[in-house]
1. Taking the condition loosely packed, with under 14 Cβ neighbours inside 10 Å and in contact (Cβ under 8 Å) with a residue 12 or more places away in the chain, does Ala111 pass?
2. Look at Leu237 and say whether it is surrounded by 12 or more Cβ atoms within 10 Å (Cβ to Cβ), under 19 Å from Val284 (Cβ atoms), over 34 Å from the mean Cα position of the chain (by Cα) and modelled with pLDDT under 80.
3. Filter the stretch 172-226 for residues that are aliphatic (A, V, I, L, M), buried (at least 17 other Cβ atoms within 10 Å of the Cβ) and at pLDDT 85 or above and give the result.
4. Could you figure out which of (1) among the hydroxyl-bearing types (Ser, Thr, Tyr); (2) at pLDDT below 95; (3) buried (at least 17 other Cβ atoms within 10 Å of the Cβ) isn't true of Ser45?
5. Being touching a strand residue (DSSP E or B) at 6+ places or on another chain (Cβ under 7 Å) and surrounded by fewer than 19 Cβ atoms within 10 Å (Cβ to Cβ) is the filter; apply it to the stretch 78-106 and report the residue that is modelled with the highest pLDDT.
6. With in contact (Cβ under 8 Å) with a residue 40 or more places away in the chain, touching a strand residue (DSSP E or B) at 6+ places or on another chain (Cβ under 9 Å) and under 26 Å from Arg86 (Cβ atoms) as the only criterion, which of Leu150, Leu155 stands out?
7. Kindly check whether there is at least one residue in the stretch 137-145 that is assigned to a loop (DSSP other than H, G, I, E, B), surrounded by 20 or more Cβ atoms within 10 Å (Cβ to Cβ) and in the same structural domain as Val66 (by TED's automatic domain parsing).
8. Name every residue in the stretch 115-125 that is surrounded by fewer than 17 Cβ atoms within 10 Å (Cβ to Cβ) and touching a residue at least 60 places away in the same chain (Cβ under 8 Å), in order of residue number.
Amino acid sequence: MLGLRHVLFVSAAAILLCLLPGASAQAADDACRTGQLKSARITASVRFTHQGEDYSKAEGRLKIKVPKSWNHAPDLLLNEDTERYRTAMRCLLRQPGDLYPYRDTEGRTSAPAVTVEKEWVTVDQRTVTWVVSRGTREFGPWKITVGARLWKLELVRPPALDGSWWQEVAVDLGGRAARSVSSTPTTGTTTELTWNREKPGGAPPEIRLSLQPPAAKALAARWSDYPWYLLDAFAWLPLPLLFSVLLLDVARRTRRAPAGLPRADAETRTVDNLIAVGWLTFVVGVVELFDGPLLG
């Protein structure tokens, strides 16, 4: 009986620990050896480009210098396919406990660059996103929430780097002044803002901005939403419809043989082929126009 009580007590305690909020996050933090990252040095930046693009583009950069004494530092030099490399990168660039770390709104031309110095291992990540529709877009340590007219930009620090030294954070709004800024930047202008911390320690910067993009870019993002994106497909629909009607009309005229004249087999096949091609052209045209908007 004593053994059964002991087993029940241990099981209940384990269940309560799993249900405690933050238990899984704390375990992930321990796996990342967060305490060893307090001396890490970080710079981050984002730059918007509105001109010369169909949609507004935002390019992010995150540069992290971790001490060689960090347990996962050697893993950053391994092949990208190894689990140890991915675990180390997730600690620095993502939520450690995130089971789905992939983002369809984040573009990268290559994996983060890794270099080694005397006392440091440096990870340099470059990301990009295009604001093609409303909603939330995450890329690197940045998050853009696209509204009907205003866009909100926020710095989302990876939890393992919350206690690290964020030396500099720079935001280039692409020539557009912000509508709101929090917290107050250290230096900069109305369109280029910088937050600096000369010494380690203290709370990292909480950065949130809102900006009003050019009207054309805001309209382009809005027109990518339902049901507006269907209008473009409907605008092109008359083209395959007109071509199909012309083919069917040719088939109708060909079928009208003078009375009393026998119809050759070749002529019959030609008419049937014209009718088939006419309908096929229309169906293919509709699928081509609407498969993207309706199926993504």
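The values are calculated or read from the model by the stated rules, or taken from the named source; none is laboratory data. No experiment lies behind these values; they were computed from the predicted model shown. When we count neighbours, we look across all protein chains shown, and the Cβ atoms used for this are built from the backbone with ideal geometry, even at glycine.
1. On the way: loosely packed, with under 14 Cβ neighbours inside 10 Å: yes; in contact (Cβ under 8 Å) with a residue 12 or more places away in the chain: yes.
Judged against the criteria, Ala111 is a match.
2. No; evaluated as a whole, the condition is false for this residue.
3. Residues satisfying the conditions are Leu173, Ala178, Val181, Leu193, Ile207, Leu209, Leu211.
4. Every condition holds for Ser45 apart from (2).
5. Glu106
6. Result: Leu155 is the single residue among Leu150, Leu155 that is in contact (Cβ under 8 Å) with a residue 40 or more places away in the chain, touching a strand residue (DSSP E or B) at 6+ places or on another chain (Cβ under 9 Å) and under 26 Å from Arg86 (Cβ atoms).
7. Scanning the stretch 137-145 turns up at least one residue that is assigned to a loop (DSSP other than H, G, I, E, B), surrounded by 20 or more Cβ atoms within 10 Å (Cβ to Cβ) and in the same structural domain as Val66 (by TED's automatic domain parsing).
8. Residue satisfying the conditions is Asp124 alone.
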